[in-house]
Amino acid sequence: MNAFVYSLAIFILASAVATALFRDVLSAIIVFGAYSLGMAILYTFLLAPDVAMTEAAIGAGVTTLLLLLTIARTARPPTDRLLEQIHLPAVVVVGAFVLLLCVAVLPEMYAVGGTETPVWSNSDVTQHYLQETYEQTGVQNAVTSVLAAYRGFDTFGEAVVVFAAGVATLLVLKREVFA
C-alpha cells in the first residue's frame, strides 16, 4: 500500500469520527457524504468497481440527498455547541479495537495486484475462468460471465438492493405531506 491509501484511510476514519461528533445535523450530513465518497475511492483503488459505484450512488449520492431533503423540510433547532461531548471510556474501547485491527489485520492483507495473492497463486482456478467461461456461459467477456453466471445470485442481490433504494427514493421524494 502506498501513501495515497494510508492518507485516504486516515481521511475516512477522520470523517467517520467527525460524523459521530458533529452536533449540527447539516455538518454531520456533509461529512457523511465525504466519508461515502472516500469509501468509493478506496473501493476503486482496491479494484472493486461494482462496490465503488454502488457506494458512490447510494452512500454519497442518494443517502446524502435524502438526508439533506429531510432537514430542509423540517425545523432545525439552534445549537450552542458544535460538537457532542466525548464519552472517554467509549473512545478508549473503540480506539483499542481499531488499533488491534490495524496491528492484526493490516499486515495480513495482500498487496493490490500482488502475485502472491490467492487468486494468482492458484493458477488452475484463474485459467479455468479465462479458458472455459465462453463455452460454459456463452459470454465473451470473462468478468461479465463471472458476475452474471457464476456469481449470478450475488449480482442479482446487489441489483435488487440498488433497485429498492431507487424505488424508496422515488417514494420519499414524491411524498409531500409530512406529519
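The values are calculated or read from the model by the stated rules, or taken from the named source; none is laboratory data. Here the structure is a predicted model, which is why all the values come from computation and not from measurement. Cβ: placed from backbone, ideal geometry, glycine included. Neighbour counts: every protein chain shown. Please note that ligands, DNA and RNA were not included when accessible areas were found on the heavy atoms of the full protein model with its side chains. Shrake-Rupley method; radii C 1.70, N 1.55, O 1.52, S 1.80 Å.
Check whether at least one residue in the range 145-159 is among the aromatic types (Phe, Trp, Tyr) and under 17 Å from Pro49 (Cα atoms), and report yes or no. Yes, because at least one residue in the range 145-159 is among the aromatic types (Phe, Trp, Tyr) and under 17 Å from Pro49 (Cα atoms). Tell me whether the range 39-54 contains one or more residues that are open to solvent by less than 70 Å² (accessible area, probe 1.4 Å), closer than 28 Å to Lys174 by Cβ and without any contact (Cβ under 8 Å) to a residue 24 or more places away in the chain. Yes - at least one qualifying residue is present in the range 39-54.
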